[in-house]
Amino acid sequence: MIPGFASRRRFSELDEKEILALAISSEEDDARIYRQYAELLREQYPGSAQIFEGMATEEDGHRRMLIERFRERFGEVIPLIRREHVAGFYARKPVWLAKNLPLDTIRGEAEAMEREAGKFYTTAAQRTSDAATRKLLGDLAAAELGHEKKAEKLVAENLDEDTKSEEDRAAHRQFILTWVQPGLAGLMDGSVSTLAPIFATAFATQDTWTTFLVGLAASVGAGISMGFTEAAHDDGVISGRGSPIKRGFASGIMTAVGGLGHALPYLIPDFWTATTIAMIVVFVELWAIAWIQNRYMETPFFRAVLQVVLGGALVFAAGALIGGG
C-alpha cells in the first residue's frame, strides 16, 4: 500500500456533515492563499494585491455562510477534514511557489482555484439531500464559477490601464533581469569563448573525437563556472535582479548549451563534414544572440550583429590560427 494514502477517504464516502466541514476548511485555505498572494505582490504590484484582498474577503463570506449552515444542522463542533484527507481531491500549490511565478501566472492560478472550487460545490450539492444545504452549495458553486466576473470587476476597480501597464512592464522587466540577461550572458560566453579551444583542437589534431571531448569539457566547465559566478556575485536583494539560484541556472545552462552547439558536430567521424556543420552552428548561434539582444535588450539589430559576429570571428580566427600553427 502506498504510504500516506491508506488514511485517505474517497469523496464519495463522505457524509453531508463531512462535506460541509471540507467546504469550510477549503474556504479558509483559499482565503489564506489569496491574502498571501496579496502580501507577496503588495510591494511591486499594489493593484493586483488589492484584487487578491478582495477575493479573500469573498471567501471569508462563503466560509461564514457554511459555518452558519453547519451549526443549524450539526451543532458547534466542526470535524477537521482537509483537502489532503480526501483521495483524488484537488490540491493547491504551495504559496511559496508564487515567489517563482510571473504575475500573469499567479492570476491564472487564481482563476484555476475558482474553477476547481466551483466544480467541488456542484458535486457536493448533488450529494446532499437537505434542501437548504443543497441550495447553499449550489449558490456557492455559481458564486465560485462567477468569480471570474468578480475578478474582472475588481480589476476594473483597482487596475486602471496605466496601473496594469505599469505592473506588466515591471513583470516583464523582472523576467528580463532574472532569466534573459543572465541567460544571454551565458549563451554569449559559451558560444564565443569555447570557439578558440574547440577549433584550435580541431585544426591541430584533425581528430573529431578528441575535439568533441575538448568541446564537452570546455562547455560543461564553463557552464558550471558561469552558473556559480552568477549566483554568488549578486544575491539580488539590492539590485532587484531576482533569485540568484534562478539566475545561476539560466546562466550556467545557456553557457553549456552555447558551447555544446558547435562541439556536438564532432561526433561525426569525418573531420571536414563535422567542421563545416560546426561552422554553420556557430553562425546560427551568433545570429540568435543578436536577435535576443535586439528583442529583449533593445539593442539595435545591426549593432548587435556587428558586435557579436565581429567578436565571434576574432575568437574563431584565433583558434584556427593557433591550431593550424
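The values are calculated or read from the model by the stated rules, or taken from the named source; none is laboratory data. Treat the numbers as computed from the prediction; the structure is a model and nothing was measured. Heads up, the Cβs are rebuilt from the backbone with ideal geometry, glycines too, and the neighbour counts pull from every protein chain shown.
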Conditions (1) within 25 Å of the chain's Cα centre (by Cα); (2) buried (at least 16 other Cβ atoms within 10 Å of the Cβ); (3) modelled with pLDDT under 70: number failed by GLU152: (2)
Identify, please: which residue in region 245-301 is under 16 Å from ASP207 (Cβ atoms) and among the hydroxyl-bearing types (Ser, Thr, Tyr) and is, among those, surrounded by the most Cβ atoms within 10 Å (Cβ to Cβ)? TYR266
Just name the residue that is farthest from the chain's Cα centre (by Cα) out of those in region 112-147 that are small (Gly, Ala, Ser) and not in a helix (DSSP H, G or I). SER129
So how many residues does region 208-238 have that are surrounded by 15 or more Cβ atoms within 10 Å (Cβ to Cβ) and within 16 Å of ILE322 (Cβ to Cβ)? 4
Would a scan of region 239-258 turn up a residue that is on the phi < 0 side of the Ramachandran plot, of a type in the set (Val, Ile, Thr) and assigned to a loop (DSSP other than H, G, I, E, B)? no
Give me the residue from region 276-303 that is among the charged types (D, E, K, R) and either touching a residue at least 12 places away in the same chain (Cβ under 8 Å) or assigned to a helix (DSSP H, G or I) (or both) and, out of that set, farthest from LEU314 (Cα to Cα). ARG295
